[in-house]
Amino acid sequence: MSINPLIHNTNITKALLEQKIKNGSVVVDATMGNGNDTLFLCQQVLPKGKVYAFDVQEVAVKNTLKLLKEHQFDSDLGSNIHCIKDSHENFDQYIFQPVDLFMYNLGYLPGSDQSIITSPESTIKSLEMALSLLKVGGMISIIIYYAHPGGNLEKQALEYFLEVLSKKRFKIFKGSMPYNDHCPPIIYMIEKLRQKNTKQYKGGF
Ligand SMILES: C[S@@+](CC[C@H](N)C(=O)[O-])C[C@H]1O[C@@H](n2cnc3c(N)ncnc32)[C@H](O)[C@@H]1O
């Protein structure tokens, strides 16, 4: 697929992520929403790969299943595609294999209840788990929309979390389009460079 990266923030992430995943990769959409990112992931990694997608809202699961069916992914549902109505802080109850890529799109679901937003606590807990499940060479992409009430708190928590991550083990990119958008969403990409030293390893990511 050829993507024009600068048309939209999500396209920038997708253009970068396309290099990282292929047919057979194991990937996770941490915030399913209307299913646009889940669909992108399915198009990249199926038929051989696996896609897990999470959201706390029933409407998100419904919209995503509809979108996937419209794109002829019906037969993969339940086998290679798992759309899960649960919080991304519960990854460990559903994912039992190393993961190539996690995608987060933080904020609220456009066109839906704007009081249901991702929260600092569950986002950080989920990221800790994602870092642990991530393969060496794998990547986590995060787009945060933070103009809504509570958004700035989540951004602060996220940036503190990234600031204290080991830079020997993780490479981190941050970018946005401040000349085009007012309060532009911010993109972060985290690449895992190496596992924790196993001799000293006492759990965690
Ligand atoms: C900006 S939207 C995601 C857009 C989506 N990626 C798409 O392609 O349409 C953020 C989503 O995160 C969901 N969300 C909020 N808290 C969550 C949690 N703890 N776990 C998983 N999803 C959550 C919201 O319900 C909302 O659908």
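Numbers for the structure displayed
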read-out	value
Strands (runs of 3 or more DSSP E) contained in the range 12-114 and holding at least 2 residues closer than 20 Å to G137 by Cβ	26-29, 50-55, 99-106
Test result for S126, touching a residue at least 60 places away in the same chain (Cβ under 8 Å) and at negative phi	yes
Filter pass, L67 being more than 13 Å from the ligand (Cβ to nearest atom), of a type in the set (A, V, I, L, M) and surrounded by fewer than 21 Cβ atoms within 10 Å (Cβ to Cβ)	no
Which numbered condition I143 fails, given (1) surrounded by fewer than 19 Cβ atoms within 10 Å (Cβ to Cβ); (2) assigned to a strand (DSSP E or B)	(1)
Condition check for S122: assigned to a helix (DSSP H, G or I) and more than 11 Å from the ligand (Cβ to nearest atom)	no
Complete set of residues in the range 166-186 that are surrounded by fewer than 16 Cβ atoms within 10 Å (Cβ to Cβ), touching a residue at least 24 places away in the same chain (Cβ under 8 Å) and more than 19 Å from Y108 (Cα to Cα)	K168, G175, M177
Meets criteria (within 13 Å of the ligand (Cβ to nearest atom), closer than 25 Å to L153 by Cα and at pLDDT 95 or above) for E128	no
Condition met for T31 (near the ligand (Cβ under 7 Å from one of its atoms), touching a helix residue (DSSP H, G or I) at 6+ places or on another chain (Cβ under 9 Å) and β-branched (V, I, T))	yes
Residue in the range 88-104 that is within 16 Å of the ligand (Cβ to nearest atom), under 12 Å from the mean Cα position of the chain (by Cα) and of a type in the set (S, T, N, Q) present	no
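The values are calculated or read from the model by the stated rules, or taken from the named source; none is laboratory data. Note that this is a predicted model, so its numbers are computed, not measured. Because the Cβ atoms are built from the backbone with ideal geometry, glycine has one as well, and the counts that use them run over all protein chains shown.
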